[in-house]
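What follows is a single structure, written as structure tokens, with notes after it.
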Amino acid sequence: MSEATVLIVDDEADVRGLLREILTRAGYEVLEAADGQEGLRTFYAERPDLVVLDVSMPVMDGWDTLERIRELSEVPVIMLTARGEELQRVRGLAAGADDYVTKPFGRQELVARVQALLRRAARGGAEESDRYTDALLTVDVAQRLVTYAGRSVDLTPLEFGLLLTLVRHPRQVLSREQLLELVWRDPFAVSPEQVKLYVSYLRRKLDPEAPDSVPIETVRGFGYRYRPPSG
């Protein structure tokens, strides 16, 4: 458990420094980000085991950051705030946070909460995304293998990431902006038209003879979704 990685997202450098000291002494590897956008980039790149997330930040606040994290992952998240009102706690937990710590916080309490969440996550053993299978498609994440209608499909890393993101959110419409964030990991570096282009590539790779039959649907004006076949 002490080898776990914790991402701290807080705009106050002194708070990040204190958290880093506490968690490093407890044996954790610590990553830092000064705002929500930087936090998301670090999260997507490093895949930490737990996130300590401040509520009040410029650029992108903790609520928006938590929402983006929950679109992709069930990683444990502790919300951190100077406000201790019950409504703030209720909002955080309802939005998908796992725990809530109010500043100023006790060192031992913080470490205990981190340990408890990591133990719970370990017991859950959430490897649910290591393999996806339906009547047409199989995606083996560990081996980076894809089969469609019994045929092996060779995908580029970007195509594989796009497919994996879609099948991890079955029947859910993902906007082009969400896909840029989740797959390209930077919604500002690439044109949204790239998403349309790569969806087209992916359909043709999965079924060169009938790409329009691939169950990746275009939801006009909204985005794309993967609808698993029923049979």
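A DSSP coil position with no more than 14 other Cβ atoms inside 10 Å describes the following chymotrypsin sites (Phe, Trp or Tyr not before Pro) in the stretch 136-201: F188.
The phi-based Karplus calculation (6.51 cos²θ - 1.76 cosθ + 1.60; θ = phi - 60°) puts the 3J(HN,Hα) values of the stretch 171-183 at 6, 9, 6, 10, 6, 4, 5, 4, 5, 4, 5, 7, 9 Hz, whole numbers, x for Gly and Pro. Diffusion coefficient of the chain by Stokes-Einstein, Kirkwood radius over Cα pairs, 37 °C, 0.692 mPa s: 171 µm²/s. The trypsin sites (Lys or Arg not before Pro) of the stretch 2-39 include none that meets both criteria, a DSSP state outside H, G, I, E and B (loop) and at most 10 other C-beta atoms within 10 angstrom of the site's C-beta.
Semi-axis lengths, largest first, of the ellipsoid equivalent to the stretch 20-68 are 20, 12, 9 Å, with √(5λ) applied to each eigenvalue of the Cα gyration tensor. The modelled label-to-label distance between R107 and R41, using points 7 Å beyond Cα along the C-beta direction, is 3.3 nm. Toward the positive end of the charge dipole of the chain, with +1 on the Cβ of Lys and Arg and -1 on the Cβ of Asp and Glu, the farthest Cα among A149, A116, L180 is that of A149.
Net charge near D134, counting Lys/Arg +1 and Asp/Glu -1 over other residues with Cβ under 12 Å of its Cβ? Charge balance near D134 sits at +3. Counted over all Cα-Cα pairs of the stretch 5-124, pairs farther apart than 26 Å make up 8 percent. Sites listed here are GluC sites (Glu not before Pro) in the stretch 97-180 whose DSSP assignment is loop and whose Cβ has at most 13 other Cβ atoms within 10 Å: E127, E128.
Any read-out appearing in this document is the output of simple, stated calculations on the displayed coordinates, not a laboratory observation. Owing to the predicted nature of the structure, the values given are computational and were not obtained by experimental measurement. Neighbour counts are summed over all protein chains in view; Cβ atoms, including those assigned to glycine, are modelled from backbone coordinates with ideal geometry.
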